[in-house]
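Worksheet: the structure to be examined is printed underneath.
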Amino acid sequence: MKIQNSELILSGEGRIYHLNIGKENIASTIILVGDPERVPVVSAHFDSVEFTAHKREFVTHTGTFQGKRLSVVSTGIGTDNIDIVLNEIDALFNIDLEKRAPKEQITPLKFIRLGTSGSLQAEIPVDSIVLSAYGLGMDCLLHSYKDSPTVREADMEKNFITHSHWNMDKGHPYIVACGELLSQKLYSPEIFKGITGTAPGFYAPQGRKLRLTPEDEHLNEKLHSFCYNGYKVTNMEMETAAIYGLSKLLGHQAVSLNAIIANRPTGTFTADTKKAVEKLIEYALPKIAASI
């Protein structure tokens with residue numbers, strides 16, 4: 001069935017609407033960063049950059065690193081933006097834009113998030129790196145997709161709901177595992193691995209109190225103490241669970257790596273955010289190139 005113009009929006013030049021890029025402009029291995037200003041920080045490590053684009057908060061650089069073609073794309077903050085970025089990149093590869101119909105043969109993609117995050121475990125210090133074995137979605141994005149139950153960890157969700165006495169007025173939390181094959185390529189014993197909480201906001205949704213009181217003032221304690229099959233909730237941010245859920249639904253591999261810039265239990269914050277991010281980039285890029 002033909003996809004209508006209102007559902008798949010293209011520019012006059014045939015580029016996908018929000019990202020303002022064409023298929024020729026992006027690689028099949030994509031590094032995702034939140035901050036648009038982090039895109040050139042990553043691409044500065046490339047051997048060469050062949051293409052750049054900037055529209056709204058979405059910045060794209062495509063080039064080569066160690067002879068491998070890579071793209072780095074900024075998503076901005078939050079799972080709503082992840083919904084835009086992953087669907088639009090997938091469309092470039094897996095929808096015939098002229099016929100406006102899904103292709104019969106799907107091109108699998110690799111998405112690697114390089115983000116910053118706060119640790120929920122005292123033993124995971126600032127300036128360390130965490131690989132998300134699972135994404136715990138405390139937003140409701142994935143429930144908008146009919147087939148979401150097929151990619152979710154139902155028993156793990158049930159245990160978390162019971163453990164946290166979750167208020168279902170906030171929606172049903174969802175949990176999705178990382179891309180296992182890609183994870184094997186990006187993990188090493190020098191970094192941490194665990195469950196990453198994905199919150200729908202920065203303040204009350206992450207247990208912070210300014211002038212407004214969080215619905216659950218003990219949220220972080222509950223996250224800190226949750227453990228399933230040896231995995232603890234290691235950190236909290238605002239994108240990973242959506243990346244994992246959409247990637248699995250679309251048939252792609254995804255892994256999230258986060259530089260820890262704050263430790264919530266100890267109340268500490270990194271002395272140098274740029275250095276922490278640079279450490280993450282230098283760790284990840286060679287492993288990403290080797291995975292292609």
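Scanning the stretch 161-187 for residues that are among the small types (Gly, Ala, Ser), part of a loop (DSSP other than H, G, I, E, B) and in contact (Cβ under 8 Å) with a residue 40 or more places away in the chain gives a single hit, Gly179. Quick check: anything in the stretch 114-128 open to solvent by 20 Å² or more (accessible area, probe 1.4 Å), farther than 21 Å from Met238 by Cβ and either touching a residue at least 40 places away in the same chain (Cβ under 8 Å) or under 17 Å from the mean Cα position of the chain (by Cα) (or both)? For the stretch 114-128, residues open to solvent by 20 Å² or more (accessible area, probe 1.4 Å), farther than 21 Å from Met238 by Cβ and either touching a residue at least 40 places away in the same chain (Cβ under 8 Å) or under 17 Å from the mean Cα position of the chain (by Cα) (or both): present.
Confirm whether Lys232 is assigned to a strand (DSSP E or B) and open to solvent by 50 Å² or more (accessible area, probe 1.4 Å).
Spelling it out, Lys232 is indeed assigned to a strand (DSSP E or B) and open to solvent by 50 Å² or more (accessible area, probe 1.4 Å).
Residues that are part of a loop (DSSP other than H, G, I, E, B) and either at pLDDT below 95 or open to solvent by 60 Å² or more (accessible area, probe 1.4 Å) (or both) do occur in the stretch 216-225, at least one of them. Among the residues of the stretch 54-67, those identified as polar (S, T, N, Q) and either surrounded by 16 or more Cβ atoms within 10 Å (Cβ to Cβ) or outside any strand (DSSP E or B) (or both) are Thr60, Thr62, Gln66.
Test Ser43 against the stated conditions and say whether it is small (Gly, Ala, Ser), under 21 Å from the mean Cα position of the chain (by Cα), within 24 Å of Tyr145 (Cα to Cα) and at pLDDT 95 or above. Considered against the rule, which asks whether it is small (Gly, Ala, Ser), under 21 Å from the mean Cα position of the chain (by Cα), within 24 Å of Tyr145 (Cα to Cα) and at pLDDT 95 or above, Ser43 comes out as no.
If the condition is being surrounded by fewer than 17 Cβ atoms within 10 Å (Cβ to Cβ) and not in a loop (DSSP other than H, G, I, E, B), then the stretch 1-22 contributes only Leu10. Restricting the search to the stretch 68-97, which residues are assigned to a loop (DSSP other than H, G, I, E, B) and farther than 16 Å from Val255 by Cβ? Within the stretch 68-97, Gly76, Ile77, Gly78, Leu97 meet the criteria.
The values are calculated or read from the model by the stated rules, or taken from the named source; none is laboratory data. Being a predicted model, the structure only gives us computed values, none of them experimental. Backbone-built Cβ (ideal geometry, glycine too); neighbour counts: all protein chains shown. Accessible surface is based on the protein model in full, side chains and every heavy atom, while ligands, DNA and RNA are left aside. Shrake-Rupley method; radii C 1.70, N 1.55, O 1.52, S 1.80 Å.
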